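**Q** Could you have a look at this structure, given as structure tokens, before my questions?
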Amino acid sequence: MSRSLVFVLCLLQLALLIAANDYYSVVGPGTIRSNSKYNVAVTMHKARSILAKLVRQNLIDVSISGPSFNETKRVEVGHDSTEIVEFDVPTLAKGEYNLTAVGVEGVIFRNSTTLNVADNNPLIFIQTDKAIYKPGDRVQYRVLFLNESTRPAVVDEPITVTIIDQGGNRVKQVANITLTKGVYAGQLSLTAEPMYGKWVIKVTVAGAATETKFFEVAKYVLPKFEVKIEAMRDIAVQDGVIRAIVRAQHTHGQPLKGTANVSISPSYNSFRPSESAINQQKTIEIVGKGEVEFVIDAKDFSGHYTPPLMIFAEVTETLTGNKQNASVIINVHLQRLNLEAINNKATYRPGQPFIYEFVVKNLDGSPVQDNVTIAKLIFEPPNKFFNEDATAQPDKDTLQFEATLNKHGIARFNISLAANEDRFFSVKAAFANSSAYLGSIANFRPDIDSDEPLLIQVKTEKPKLEEDVEIEVKSDENIPYIVYTIVARGNIVKTEHVRVSRILTKHKSYTFKLTPTFAMVPQASIYVFYILNDDLHFVEETIHFEKQLENSIKITAPIEVEPNQEVKLQIKTEADSFVGLLAVDQSVLLLKAGNDLARDSIFNGLDKYKTTTPWQQGYGRYPGQASGLVTLTNAHYPYNSGEVVSVPVTVYNYLDKDCEVSIVLDNEYKEFEFVEATNHVTKRQADQGRYVRNISIPANSGNSVSFMIRPISAGASTLNIGALSPAAGDSISRPIRVQPTGELHRENREVLLILEESVEVSQELWIEVPGQTTMDYIEICVMGDILGPVFGNLRRLLDYDHNACGLNFLREQQVDYHGSFQEDGKNNDFSPGSHLALASFVLLAFLENEEFYSEFQQTIENGVRYVATGAYDDQYDDLHSQMLAANVLGRAGHSELGQIMEKLLARARKSDEQMWWVPEGSGSTAIQCTAYGLMALLDYKHAQESLPIVKWLVGQRNSFGGYDNSLDTVLALQALTKFAIKTGASDNTVIEYTTDGNLESKATLIVNPDGDARQCQSLESNTRVVQFYAAQKGMAILQLHYQYYAHPFNNKKKRQATNSTGHHYEKKPSFKITPNVKDTPAHLLELEICAEYAPPGCSNQTKNSFMVVMEVSMPSGFVGEVDSFDKMLALRDVNHVETKEKGTKVVIYFGPLKPGVVLCVPVEGARAHLVAEPKPARILMYDYYQTEHRATEYYEISTSFCDICEGAECGSDCDKKQST
């Protein structure tokens, strides 16, 4: 019997050991929130052996731990199944929280990750009964507090409602209010003489969460009738005519008799070609309604751009002469049909068939129903231009495929492509007389392309509540099963384990249906994964649902009632609902809207509950990251940790005898890890505080040894290395700097404070960074001089030359008889208002050079006379020309300056005590126009009146005190300097500040005009908001600037571009970059980079770029090979090549590039240091003069630890690799 017992115990032990090798996955939201649900999905995947199946249960402990919340729940999970673990999270104290999973029976493991922590402040919405009030009116308002389910929120913190008038005066404040089902209602009676202008209702919870609602107080007369325009919102130029119906009726419903002046014009002022033909106006008689037609001609529109058109109607009532207007925007298209790609791949494998699809839609979005006309799919090498004539015959290098449309308007093509020497094809679609560029497809390269075989497609066109949504998962290989997880509003709302393939039935695609719940509206992420051959395969997608509310309400009321008659309403809705009514005269809504709750704002507010994945200290595609999830698993996935560098140490023995020496690398502060040279990096299981290597050194000779380390903290650190022997010893220290992974971003926030006597001023400045970042530094500064940020940075900002050589040339260009100037050349940068703008611009050059005034006096006087006259000409009414003219008149002290400035001030934009101008055309930027406006205003009025302009200009600066381009910087600095000269220096001013609302962090900065220009202090890297306080008279500039590295995310094809100041642009990249790493010896790098200028927007497709710069960062351990630069310089478009940052960056300068033309440059590098697993290296390409036109791409090289180790340093795994 004892033998049987021993056998059973051994069998159980063996089964447990085998089960320990089974695969698990634990998936949870990357963000945990106070007072909310937190769900975790635990999956046991298919058992790997028959013995493993004998273990019928796997017990897993899932826990959340942190400063104020620690809870563990045990879950039993069978193989091929998924279970949900639910946590009720209380109010969380500040600190670090972790999600940990421990296998305690069956599968044995321990895995943990940190979580992001977020508050759970309620959604706050404010509703008023009107948007505009008269003196003596009663302002009625409601405040709604909702949770993430849009149900009444439980608010335990004090709530305060404050009403503030136009002058910043606190008119009313209600504290510690009580909610009724999440709603508070209040009111305010206006006096007979209130302050007119914009008022605000401000709601705060515990002084933190804030929501505001603006309303207007003014004298007004209610409109008596309403005007509406009915027209098709999308038309094609081929239609030849735009038809519209103008309707007008009294507010009591009776039709109105009158006349309507109806006009049509481009809604974008930058649109210029054939504008006179597009602008049309007609007058029609109406009795309740009237019809109007405008004829359009395709030749009046440019080849690649059609502006939206605005129909504007002003109706005049015959009896009273009262007027009311309305407008509508019409989108004009060059084609009758839209052709769009459907979820297609970016790569192909030569000779392997694949499916490519595009859909053909009418302009209203409906699918085209036509199964007769042939749809064409065209693949062209990148150096070909697409012929938009769909009937044209393709040349021999172009591949063309044909198909017909199905009932959904989709053309489906079975494609097989051979290898293309250019690596990629441009893909176009054609149907009937319409065509479109669909993108490109590249020959798959494992060194730079992801090998993920999974795709996911939402088949349902418009997903909505309580209607099944069809989702298809496709792969290049058989799918054994899938686990899908739905995450919405920050939590997992559904998960399921689905068997797909069986022994006799294999499937490469699987379609399933999902019934959406309200928790998934307006959008949810779906995360699908499975494990095959030890690898985790996964795919993620976002599903957008129609914005439908869970509750419904129906109101029945009489259509018409007599005056003073009681109105009875019948209201039908869900039981236990809180119903709020709003009744208002229709005329008030005609006068001004914006008072009511909006469906979109409610759903947009739910975005705050999104979850994000904490940084995983590596790079690649982290599973669940796009959905904001964390994934704990023992399967492999394409995500890598930090780089490993080999640190060589050479020790010389000057003694006459051999020595046994111990080389010690100190790691007292745990700034790096020691690693072994294996194919899969593991931490050395020795003391991580130091690592000792023993070597023998012959007499009067030397010997070398190397240490493999992985840095785990960015920034400066020191390598301390010692050599010890019985006879002697020595040590050495060497500094190293570890640069964080990713793209460098610089952000700057500046505020100008004007401090009056006995008035306390406070200001908040926020540090805004994306989730995956490494903060480099945060610094706050105050200064009394408005030019403080510029000091010390002038060399970075501009290189300015000043002489009179060009003035003689300019004098020769003046037209004698009226004082204007003629252009030399074809380019015209001053349209519209070309002549006035050009004359003003040239005259400013004369007026700024006072030492030459007497020599050019007649030229200047003639020019000023011409500008003074031209400023009143309607053809020169564009903002750019008027600003330049005002500056000329101001510099010349002309009497007409005042009238022009009043016109310009009326065209300024104003908000939050700031004022600026935005030009209508492309001849200038907002910075330039506003700088001109400030300089002209300083010539016209007292400096105090220009403060709103100065505040706006100061707020746009980068951390160096400059702007996006040199001309912006020159003009803005000229304007700010002029202001500084007129206002003088500031008094001593004391600024106090705290960080993140922590009063214990309170500190002081003093503005001293007689001392240093800037007083600066550094802040902790986790700071996110700085609160400033000042109460002493004077002027101060507050500056918060910080620098961080944004890490490369999963999808290399989707990059967020930035300008030179680090501000983000969500625009489509302006260049397409395709890097190709060639197969070379490990010590060399050969890179071919093919690039194409692809400016966003149809109007830019025919315009060349300006000078283009490509910055190629070398992988860690490599430097640019200078001897190879001649290969690049031999290319026609390359003007110059250089290296920066000690050779680790190669910078290539191109001339103007033509859109659609692909050019390829060879870039070579050489190994300077031994580094394994280098992180992706960046390629940045941008237009030097249009910095918003840019793109970023990454490339990788493969270097294992066995490639950098030598001799005994290499472990057994390397020996096996080398032997094979």
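Where a number appears in this text, it was derived from the coordinates with a stated rule and is not lab data. For clarity, every value in this text was computed on a predicted model and none was experimentally measured. Neighbour counts run over all protein chains shown; Cβ positions are idealised from the backbone, glycine included.
**Q** Grab the Cα-Cα distance for Val1147 and Ser34, subtract it from 0.36 nm times how many residues apart they are, and report the gain in nm with one decimal.
**A** Gain on extension, Val1147 to Ser34, equals 395.8 nm.
**Q** Between region 163-197 and region 1163-1182, what is the C-alpha centre distance in whole Å?
**A** So the separation of the two Cα centres works out to 60 Å.
**Q** Could you calculate the contour length gain from Thr318 to Ser267, that is, 0.36 nm times the residue separation minus the distance between their Cα atoms, to one decimal place in nm?
**A** 15.4 nm
**Q** If I model a spin label at Glu1088 and Ser65 as a point 7 Å from the Cα along the Cα→Cβ vector, what separation in nanometres do I get?
**A** Here the modelled spin labels are 5.4 nm apart.
**Q** What FRET efficiency comes out for the pair Asp234/Lys282, r = Cβ-Cβ distance, R0 = 25 Å, nearest 0.05?
**A** After rounding to 0.05, the efficiency reads 0.70.
**Q** Any idea what the dipole of region 225-333 comes to, in debye rounded to 20, about its Cα centre with Lys/Arg Cβ at +1 and Asp/Glu Cβ at -1?
**A** Numbers: 10 positive and 12 negative charges, 31 e Å.
Magnitude of the dipole: close to 140 debye.
**Q** Using label points projected 7 Å from each Cα along Cα→Cβ, tell me how many nm separate Lys299 and Ile84, to one decimal.
**A** Using points 7 Å along Cα→Cβ, the separation is 6.6 nm.
**Q** For region 876-980, with the dipole built from +1 on Lys and Arg beta-carbon atoms and -1 on Asp and Glu ones, taken about the Cα centre, which of Ser881, Ala936, Asn958 lies farthest toward the positive end?
**A** Asn958
**Q** Beyond 15 Å, what share of the Cα-Cα pairs of region 135-219 is found? Please give it as a whole percent.
**A** Numbers: 2099 of 3570 pairs.
Considering region 135-219, 59 percent of its Cα-Cα pairs are separated by more than 15 Å.
**Q** Quick check on packing: order 956-962, 108-114 by the mean number of other C-beta atoms within 10 Å, highest mean leading.
**A** Ranked by mean Cβ neighbours within 10 Å, highest first: 956-962, 108-114.
**Q** Can you give the extra length, in nm with one decimal, that the chain gains between Asn703 and Met310 once fully stretched, where that is 0.36 nm per residue apart less the Cα-Cα distance?
**A** In short, 133.4 nm is gained.
**Q** Determine the equivalent ellipsoid of region 225-333 by diagonalising the alpha-carbon gyration tensor, then write out the semi-axes as square roots of 5 times the eigenvalues, largest first, rounded to whole Å.
**A** So the three semi-axes of region 225-333 are 29, 12, 11 Å.
**Q** Distance cut-off 20 Å, Cα to Cα: go down the list Lys130/Lys202; Lys130/Lys323; Lys459/Lys506 and report the pairs above it.
**A** Numbers: Lys130/Lys202 17 Å; Lys130/Lys323 22 Å; Lys459/Lys506 22 Å.
Where the Cα-Cα span goes over 20 Å, the pairs concerned are Lys130/Lys323; Lys459/Lys506.
**Q** Distance in nm between label sites at Ser1124 and Thr72, each 7 Å beyond Cα in the beta-carbon direction?
**A** Those two pseudo-labels are separated by 5.5 nm.
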